[in-house]
1. Quick check: anything in segment 163-181 of a type in the set (Asp, Glu) and farther than 19 Å from GLY217 by Cβ?
2. Output the residues belonging to segment 77-118 that are basic (Lys, Arg), crowded, with 16+ Cβ neighbours inside 10 Å and in a strand (DSSP E or B).
3. With respect to PHE236, determine if the residue is free of Cβ contacts under 8 Å to residues at least 40 places away in the same chain, under 24 Å from VAL91 (Cα atoms) and not aliphatic (A, V, I, L, M).
4. Which residue is most open to solvent (accessible area, probe 1.4 Å), if the candidates are limited to segment 201-228 and must be within 15 Å of ARG163 (Cβ to Cβ) and not in a strand (DSSP E or B)?
5. What do you reckon, is ALA192 assigned to a loop (DSSP other than H, G, I, E, B) and open to solvent by less than 50 Å² (accessible area, probe 1.4 Å)?
6. Being open to solvent by 20 Å² or more (accessible area, probe 1.4 Å) and in contact (Cβ under 8 Å) with a residue 12 or more places away in the chain: is that true of ARG153 here?
7. Could you grab me the full set of residues in segment 136-181 that are among the hydroxyl-bearing types (Ser, Thr, Tyr) and either within 16 Å of THR201 (Cβ to Cβ) or assigned to a strand (DSSP E or B) (or both)?
8. Could you identify the single residue in THR30, THR74, THR60 that is within 14 Å of GLY102 (Cβ to Cβ), polar (S, T, N, Q) and either in contact with a Phe, Trp or Tyr (Cβ under 9 Å, 6 or more places away or on another chain) or surrounded by fewer than 12 Cβ atoms within 10 Å (Cβ to Cβ) (or both)?
Amino acid sequence: ADRSLRIAVGRAGTLLVQRGESGPWTPQRTGVEYDLRAVTSDGRGTFLIVGDHGTVLRSTDGARTFAPVDLGRTEALYQVLLDARGRAVAVGPGLCARSSDGGQRWVRSALPQRRSVGALAFDGEWLWMAGDRGFVRRTRDFGLFWEDVTLPRPVAVQRIVARGRGRVALFSKQAVVLEREAERWVERPAPAEVIFAARATGAGVLATSFGGGVYVGTGSPLRWRPVRRLTRGSVFDI
């Protein structure tokens, strides 16, 4: 999203685009029947969408048309990030793919022990990936070389939030938040048993949970307070 364009992706190739601050949400054809899971932009008109069955869609005309890119694999892709220099990383179950030309060509690499990765975040210096069984890696060159990061204990990471250079918060499936500052990890209870989504804000972190709860975290380490309940259902992103 930006001031002039918003994109939503979802089930069975669903793609919705809103142009202008109050324009209608318009469905666009993708030619894809698989679930779409994540979308990213370089801020200059190039967009990448990833999803199930190795789906990669690319647009260079401001999301007016999308063309498929052959990844050469059929694993699902859960997350993707693209920066202003055209460097992209996409991750999924047992797979990491890297592009240096805005998503036109990809180099694939298998993750050790077939780890499933579903979380990516860029803190301005490091790009982080995380997934099941405490698997965390980071890279300074957008995926050319990765280094392993050891957690205090092997938790399954649901989300990563980047709060600035070297400062990240990992939300686990075990109802804890691991925060890293100055190369140290601090563990604190999560505001809810299951946190589906979390985003950094100017003041701290905004998180949503199973059961529709919304929470604001401020300070360092984060201290949480509930804001409101949006719905009795779950809120998967924010």
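The values are calculated or read from the model by the stated rules, or taken from the named source; none is laboratory data. Here the structure is a predicted model, which means the values were calculated and not measured. Using ideal geometry, Cβ is built from the backbone for each residue, glycine included, and neighbour counts are taken over all protein chains shown. Remember, those area values only see protein heavy atoms, side chains included, never the ligands or the DNA or RNA. Shrake-Rupley method; radii C 1.70, N 1.55, O 1.52, S 1.80 Å.
1. No.
2. ARG98, the sole residue that qualifies.
3. no
4. Top of the filtered list is GLY202.
5. Against the criterion (assigned to a loop (DSSP other than H, G, I, E, B) and open to solvent by less than 50 Å² (accessible area, probe 1.4 Å)), ALA192 qualifies.
6. Criteria met by ARG153.
7. Within segment 136-181, THR139, SER172 qualify.
8. Among THR30, THR74, THR60, only THR60 is within 14 Å of GLY102 (Cβ to Cβ), polar (S, T, N, Q) and either in contact with a Phe, Trp or Tyr (Cβ under 9 Å, 6 or more places away or on another chain) or surrounded by fewer than 12 Cβ atoms within 10 Å (Cβ to Cβ) (or both).
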